[in-house]
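Beneath this line is the structure, given in structure tokens, with notes to follow.
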Amino acid sequence: MTGKPARAARKIQIHVERIPLLKLEFAPGGVRRCWPRHIYNGLVNPSFDVVGVGLNATDTLLVVPRFPAYAGKVPFEEEIVSPGGQVASAMAACARLGLRAKYIGAVGDDERGRIQMASLIEAGAPKGEMRILVRRYVEALMEQTEGRIPDVVMLGCTHYPLVADLFADALPHGLKILSQPDLVSRSLTAYLAHHPEIDAARAPATTQFLTTGDPQRTSILGSQFFGRPVSFEATAPTEADLPALVRI
């Protein structure tokens, strides 16, 4: 008996972001899927309860003292930029309800994108997810330098120190990085050294955390920055406090 010669197996791999996502083997017996181990484990034992794919956005809210009359105008008292978006807001709500939520979307490198990234850091997004976002953000910034490597980088946003290690990995090796907490602490140390009249040793040292915002929310964020649980108390600066605040 004669027949057609057997065909050799042909393999095709599908990559996303240089990560092998799926491998197909075309053999005489048919097509067989060969999942990489990390993909297979993710499908069998997912690390999430819900995944959202879609839009994130920033909303500009204008606070007005009253609803304007028909076809009329009224001056606004405050402008608030609020991060969110249909899918991103839904995933944030799921996370706050206790679900293991994941979000798939794109964030820009403009001012609104920086607001979105800060909101993700503030929400406690895992560093594994933040790593890709920070890398893309740094790549976009480096493109603006037209190949010139800067001498120093300043992490201007108050949230960025929480992911400073991710910026260090994404930036060119050996680049000097300045961070606000380090600069502020060094400046305060220098200020106290030049003003010995402020002698904290006269009374037992105590630490008190005060905020003019929401104490519960600020305590959660403050604990992230300090690396240990801290508790903030609500306060409002009085007229008597203002001169001292201005001097410092």
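Computed from the coordinates by the stated procedures, all read-outs in this text should not be read as laboratory data. Just so we're clear, the structure is a prediction, and the values are computed from it rather than from any experiment. Methodologically, a virtual Cβ is constructed for each residue, glycine included, from the backbone with ideal geometry; neighbour enumeration extends over all protein chains shown.
Here are the numbers for this structure:
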| item | result |
| --- | --- |
| Net +/- balance of residues flanking D110 in space, Cβ distance below 15 Å, scoring K and R +1, D and E -1 | -1 |
| Table column - 3J(HN,Hα) (Hz), segment 118-134, Karplus curve with 6.51, -1.76, 1.60, x for Gly and Pro | 4, 5, 5, 4, 5, 7, x, 4, x, 5, x, 6, 6, 4, 5, 5, 5 |
| Neighbour net charge for D165 - beta-carbon separation under 12 angstrom, K R +1, D E -1 | +1 |
| Filtered GluC sites (Glu not before Pro), segment 105-185: DSSP coil and at most 15 other beta carbons within 10 Å | E146 |
| Segment 108-200: trypsin sites (Lys or Arg not before Pro) in DSSP loop, at most 13 other beta carbons within 10 Å | R148 |
| Positive minus negative residues near M91 (Lys, Arg vs Asp, Glu; Cβ under 14 Å) | +1 |
| Using θ = phi - 60° and Karplus 6.51 cos²θ - 1.76 cosθ + 1.60, couplings along segment 61-71 (whole Hz; Gly, Pro as x) | 9, 10, 8, 10, x, 7, 6, x, 5, 4, 6 |
